[in-house]
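One structure below.
The values are calculated or read from the model by the stated rules, or taken from the named source; none is laboratory data. For clarity, every value in this text was computed on a predicted model and none was experimentally measured. Positions of Cβ are backbone-derived with ideal geometry, glycine not excepted, and every protein chain shown enters the neighbour counts. The area values use the complete protein model at the heavy-atom level, side chains included, leaving out ligands, DNA and RNA. Shrake-Rupley method; radii C 1.70, N 1.55, O 1.52, S 1.80 Å.
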Amino acid sequence: MLTIPYEPVVFGIKINAHLVLEYLAFFIAFRYYVYLRNKSTDTISANNRLSIIIGAIFGALLLSRVVAFLENPVLHAEQGWLYLLNNKTIMGGLFGGLLGVELAKKIIGEKQSSGDLFTLPIILGIGIGRLGCFLAGTKEFTYGKETAFFLGIDLGDGVPRHPIALYEMVFLLLLFLLIRQLQQREKCWPTGSFFKLFMVSYFSFRFFMEFLKPNSYFILGLSSIQYLCLICLLYYRKFILRGISYVAKKLYLL
């Protein structure tokens, strides 16, 4: 029977399942990206693509820690620099990676959208990482509020809680299948649209999921993650308005 948090013992040594799955997520996502790149005709040169990846890495490393700190700055400031360096959030990583990519493209003069090729590998990697979050239970701040809802699970503290990591895994699976289907059928979409669709969908989902987390630090009733979600949606406002217009036309034709 699986117990949460899950810490398998190998040769008498406790293994951090979350950490293992986090590294596995990076490895599998990168291998999947390489597979997709080899199958497709990438119009961005190998050197420029490498510069874009480097920009994404540095942007993600920086903002993932800044946003994690802002989740509860008073508490995190007391925990010391080592904790601050290790503490991170995928939301800051994604938006920081986006900003890092845009800066790298500006420096190298790359004009083409570069995100579509990364979209499915990113979703796959986050999904694997979220399994690690679930197995970590309440040891890391990726669990939900107490609940009497039938989906509530004891995550290690004897209290039924929303398993928001599992909710997110289901959402990511559906989003993966949707975008994969659209990539195969909708060949007329402008380059970069699938990555934008992922970002808008994921950040919208996370905005509402934050209401199920036991956050303790708010500014005007919202957490730092929720403000980041709103910033991201504002960043993609033109894409969102075009999407609303596209859907409205489709419904009108029906």
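Among L197, L230, L131, which residue has its Cα furthest toward the positive end of the charge dipole of the chain, with +1 on Lys/Arg Cβ and -1 on Asp/Glu Cβ?
L197
Give the accessible area for V170 in Å² (nearest 10); use a 1.4 Å probe, count only protein heavy atoms, and leave out ligands, DNA and RNA.
Looks like 90 Å² after rounding.
Would you work out the charge dipole size for region 112-168 about its Cα centre, treating the Cβ of every Lys and Arg as +1 and the Cβ of every Asp and Glu as -1, and quote it to the nearest 20 debye?
It works out to roughly 20 debye.
Normalise the Cα radius of gyration of region 86-160 by 2.2 N^0.38 Å (N = residues in it) and let me know the number.
Ratio of Rg to 2.2 N^0.38 Å for region 86-160: 1.56.
Dipole of the chain, Cα-centred, from +1 at each Lys and Arg C-beta and -1 at each Asp and Glu C-beta, to the nearest 20 debye?
1100 debye
Treating only the Cβ atoms of Lys and Arg (+1) and Asp and Glu (-1) as charged, compute the dipole magnitude of region 184-254 about its Cα centre; round to the nearest 20 debye.
340 debye
Just one of [x] 62, 38, 34; [y] 53, 47, 31; [z] 51, 45, 38 is Cα extents along the principal axes in Å calculated from these coordinates, so which is it?
The value matching this structure is [z].
Heavy-atom accessible area of T3 with all protein chains present, probe 1.4 Å, nearest 10 Å²?
T3 has an accessible surface of roughly 90 Å² with all protein chains in place.
To two decimal places, what compactness ratio does region 104-254 give when its Cα radius of gyration is scaled by 2.2 N^0.38 Å?
1.21
Work out the P(r) tail for region 47-186: percent of alpha carbon pairs separated by more than 20 Å, whole number.
59 percent
Among F207, F11, F134, whose mean-square fluctuation peaks in a Gaussian network model of the chain (Cα, cutoff 10 Å)?
F11
Could you order K39, K111 so the one with the most accessible surface comes first? Probe is 1.4 Å.
Ranked from most to least accessible, the order is K111, K39.
Given R₀ = 45 Å, what would the calculated FRET efficiency be for L222 paired with K39, taking r from the Cβ atoms and rounding to 0.05?
Efficiency at R0 = 45 Å is approximately 0.65.
Name the residue, out of K196, K145, K14, whose mean-square fluctuation peaks in a Gaussian network model built on the chain with Cα pairs under 10 Å.
Comparing K196, K145, K14 in the GNM, the peak value goes to K14.
Hey, in the GNM for the chain with a 10 angstrom Cα cutoff, which one of L228, L173, L120 fluctuates hardest?
Of L228, L173, L120, the most mobile in the Gaussian network model is L173.
Starting from the residue with the highest accessible area, list S45, S223 in decreasing order, probe 1.4 Å.
S45, S223
Give the angle, between 0 and 90 degrees and rounded to the nearest 10, that separates the Cα long axis of helix 237-253 from the longest principal axis of the Cα atoms of the chain.
Approximately 70 degrees, to the nearest 10.
Can you give the accessible area of R31 in Å² (nearest 10), computed on protein heavy atoms with a 1.4 Å probe?
Spelled out: R31, probe radius 1.4 Å, area about 120 Å².
Just want the answer: with Cβ charges of +1 for Lys and Arg and -1 for Asp and Glu, which residue in S40, V9, L19 is farthest toward the dipole's positive end in region 1-51?
Going by the Cα projections, it comes out as S40.
Setting aside same-chain residues fewer than 8 positions from K249, which lysines have a Cα under 25 Å from its Cα?
K187, K196, K238
Roughly how many percent of the accessible protein surface of the chain is carbon and sulfur, given a 1.4 Å probe and a whole-percent answer?
The computed percentage sits at 68.
Go through G144, P214, I57 and say which Cα lies farthest out towards the positive end of the charge dipole of the chain; charges sit on Cβ, +1 for Lys and Arg, -1 for Asp and Glu.
Positive-most Cα among the choices belongs to I57.
Quick check for you: with a 1.4 Å probe and neighbouring chains kept, what is the accessible area per residue of the chain, in Å²?
60 Å²
Under the definition of Cα pairs under 8 Å and six or more residues apart, what whole-number percent is the relative contact order of the chain?
Relative contact order here is 21 percent.
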